[in-house]
Amino acid sequence: MTEPAHAAALRAPATPTTPGSKFDSWRTIIATGNLPEGRAMDEISRWLLITRACVFSMTITSALIGGLLAAATAPACDWGYFALALVGLVVAHATNNMINDYFDTVGGVDTATYTRTQYAPHPLFSGLISKRGLIASILLCNLVDAAIGGYLLAVRGWPVVAFALAGLFISVFYVAPPLKLKHHGLGEPGVFVVWGPLMIGGTYYVTSGVMPAWVLVASIPYALVVTTVLIGKHVDKYEQDGERGIHTLPVILGREPSLRLNQLLMVSFYLIVVGLVLTRTLAPGVLLVAFAIPRLLDVLKAYSQPKPAGPPPGYRLWPLWFVSLAFYHNRLAGGLFVLGLMVNLLLPRS
């Protein structure tokens, strides 16, 4: 297994860490997926890199949406159960990321020259953990989630198992054989289902004990902007995935149609939010998402232009580009949606 540049950088002489520099390292990893240059590795930084904590914000946002929808509409809520669901979802996301890195490595997809090892340290190629250690970590995380799921099953009943098993199925078989959903254009729909109906609906159910159908509809806007992140990532890997016979949705549709699809999905987020307000499914506080429209327009413009020949100064995620733009939009749009749901709690119920 050839060593990528990240591995050497992680072992290079580094500046000793102080409490302040550790916090800066964690902040930088969460923001960029990379340890600051010249900074010594600490254990928390190592695990933030192994689990790809830089993308946990999407899972936290989905959980918050489910909990806030319950707070606004359900007759009773248990915030201890909500907290357990939130922890369980973040652990599940970490597990999913480690599973993907493991199976893509043993399956020959991840190599020293593949995009995954170029934009951020890869747990195995960068020497952050051994294969045996990665397997043990996956098993431990699954045990944690099993314990949380078992408790929530006891207090909330069988729907907890349905939500959990559906999410686990998509998570494991996203890259694991024999299904390899990502390889057959099913990874993107799977992400839509997981970060929308399953996470948002499941959190609503765990928090409130009920599952009205309208919650699944209300989960669609944020599920769409999470899906744009994955489509953007697969556009960035379009050539390499095509050469490897990995038929992601962009490989099936083509590069340009996939870019246009992502633009359509981003715009659809706002149109559906407006529709949910007009149908009185959601209170008007969520219209705060309109403040993300200037960022949307910037991203739409960038999606209509060629990818730069090289990374802009200070850009640390190269060769990724379109995924970064989608995530840039996702964070603000999702954050304002959550803020709007908080505002809705202050509005009188109709």
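What do you reckon, is Gly150 closer than 27 Å to Leu261 by Cβ and either open to solvent by 30 Å² or more (accessible area, probe 1.4 Å) or in contact (Cβ under 8 Å) with a residue 60 or more places away in the chain (or both)?
Considered against the rule, which asks whether it is closer than 27 Å to Leu261 by Cβ and either open to solvent by 30 Å² or more (accessible area, probe 1.4 Å) or in contact (Cβ under 8 Å) with a residue 60 or more places away in the chain (or both), Gly150 comes out as no.
Would you mind finding the one in Asp110, Asp104 that is among the charged types (D, E, K, R) and assigned to a loop (DSSP other than H, G, I, E, B)? Selected residue: Asp110, the only one of Asp110, Asp104 that is among the charged types (D, E, K, R) and assigned to a loop (DSSP other than H, G, I, E, B).
Screening the stretch 165-257 for helices (runs of 4 or more DSSP H) wholly inside it with 3 or more residues that are without any contact (Cβ under 8 Å) to a residue 24 or more places away in the chain and not β-branched (Val, Ile, Thr) returns the ranges 238-244. So, in the stretch 189-208, exactly how many residues are surrounded by fewer than 21 Cβ atoms within 10 Å (Cβ to Cβ) and touching a Pro at 6+ places or on another chain (Cβ under 9 Å)? Selection size over the stretch 189-208: 0. Could you say which residue among Ile30, Ile44 is at pLDDT 90 or above, part of a helix (DSSP H, G or I), touching a Cys at 6+ places or on another chain (Cβ under 6 Å) and open to solvent by 50 Å² or more (accessible area, probe 1.4 Å)? Ile30 is the lone residue from the list that is at pLDDT 90 or above, part of a helix (DSSP H, G or I), touching a Cys at 6+ places or on another chain (Cβ under 6 Å) and open to solvent by 50 Å² or more (accessible area, probe 1.4 Å).
Just to be sure, is Pro284 over 25 Å from Cys54 (Cβ atoms) and surrounded by fewer than 18 Cβ atoms within 10 Å (Cβ to Cβ)? For Pro284, the condition - over 25 Å from Cys54 (Cβ atoms) and surrounded by fewer than 18 Cβ atoms within 10 Å (Cβ to Cβ) - is met. Can you find even one residue in the stretch 183-202 that is more than 16 Å from the chain's Cα centre (by Cα) and closer than 24 Å to Gly149 by Cα? Yes. You will find that of Ile50, Ile65, Ile60, Ile99, the residue that is open to solvent by 40 Å² or more (accessible area, probe 1.4 Å) and touching a residue at least 24 places away in the same chain (Cβ under 8 Å) is Ile60 and no other.
Just to be sure before I move on: is Arg295 open to solvent by 20 Å² or more (accessible area, probe 1.4 Å), modelled with pLDDT under 95 and either in contact with a helix residue (DSSP H, G or I) (Cβ under 6 Å, 6 or more places away or on another chain) or over 19 Å from Thr61 (Cα atoms) (or both) in the structure I sent? Taking the combined requirement at face value, the residue does not satisfy it.
The values are calculated or read from the model by the stated rules, or taken from the named source; none is laboratory data. What you see is a predicted model; the values in this text were computed from it and never measured. So basically every Cβ, Gly included, is an ideal-geometry build from the backbone, and we count neighbours across all protein chains shown. With ligands, DNA and RNA removed, areas are computed over all heavy atoms of the protein, side chains included. Shrake-Rupley method; radii C 1.70, N 1.55, O 1.52, S 1.80 Å.
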